[in-house]
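Below is one structure, written out as structure tokens, with a few remarks after it.
The values are calculated or read from the model by the stated rules, or taken from the named source; none is laboratory data. It should be emphasised that the depicted structure is a prediction, and the values quoted were computed from it without experimental measurement. Remember, those area values only see protein heavy atoms, side chains included, never the ligands or the DNA or RNA. Shrake-Rupley method; radii C 1.70, N 1.55, O 1.52, S 1.80 Å.
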Amino acid sequence: MDEGVDPARESAAWTDGVLERLVAQDDLDADLLAALGRSPTLREETLTRMAEAVRAAALGLGPAGCAVAAGVPERLLRNWQAHNPSFAAAMAAASTLARLHTPGGNGKPAPLTPAALRVLLRAVRAGARHAPAAEAAGVTLNALNGLRRQHPTLNALILAARRARPKRGDRRGVSAFEHRYRLVRVDDTAPETPSPPQRGSRAEEL
């Protein structure tokens, strides 16, 4: 019998492991491409991020949550929709799908889903304050605080996300997840309507 198991330490190891898996998922596509001996092209990177935004919309997340899921600023997501009719139609169809099938209604808020929790943890880990992170996940700050009190494991995950923040994360209220980008290889097969750059952000190169 192992009498030396520390429940607190065991819980911390579990929450840290969840955060590590989230980060690993973000880098998985790049790792798979590296196994093929190349880096992602601008087209591949943009389409991957668009697909993540559409998936998030189909799972009931709003514009802010879709932007976090895609790893781009919300303004860039809106720019894509304004300049790419196919992407705009896909986002609209996904949002309609979510409205038809997402639990909720009768005055009751929809439950926090794994997809929404993933967005919340990514935002917190990247440096966002709890209020905008909760908004991105589709819940109010009061509702989030209530869930944290009700579910200690959820609270532990949020605290783990705070511990995992990069040292230079933006703590001024602007969500630092807007600055999580990878270098990509530019090719001549960009999506049908590339978005124009704005104010020097690295994001606008996608």
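A quarter of the convex hull surface defined by the alpha-carbon atoms of region 6-107 gives 9.9 nm² as the mean projection.
What length, rounded to one decimal in nm, is gained on full extension from Arg149 through to Leu100, with 0.36 nm per residue of separation minus their alpha-carbon distance?
Working: separation 49, 0.36 × 49 = 17.64 nm, distance 3.05 nm.
Working it through step by step, the gained length comes to 14.6 nm.
Note on Ser11: accessible area is roughly 50 Å² with a 1.4 Å probe, heavy atoms of protein only.
Around the amide H of Thr41, modelled in the peptide plane, lie the amide H atoms of Arg185, all under 5 Å away and 5 or more residues distant in sequence or on another chain.
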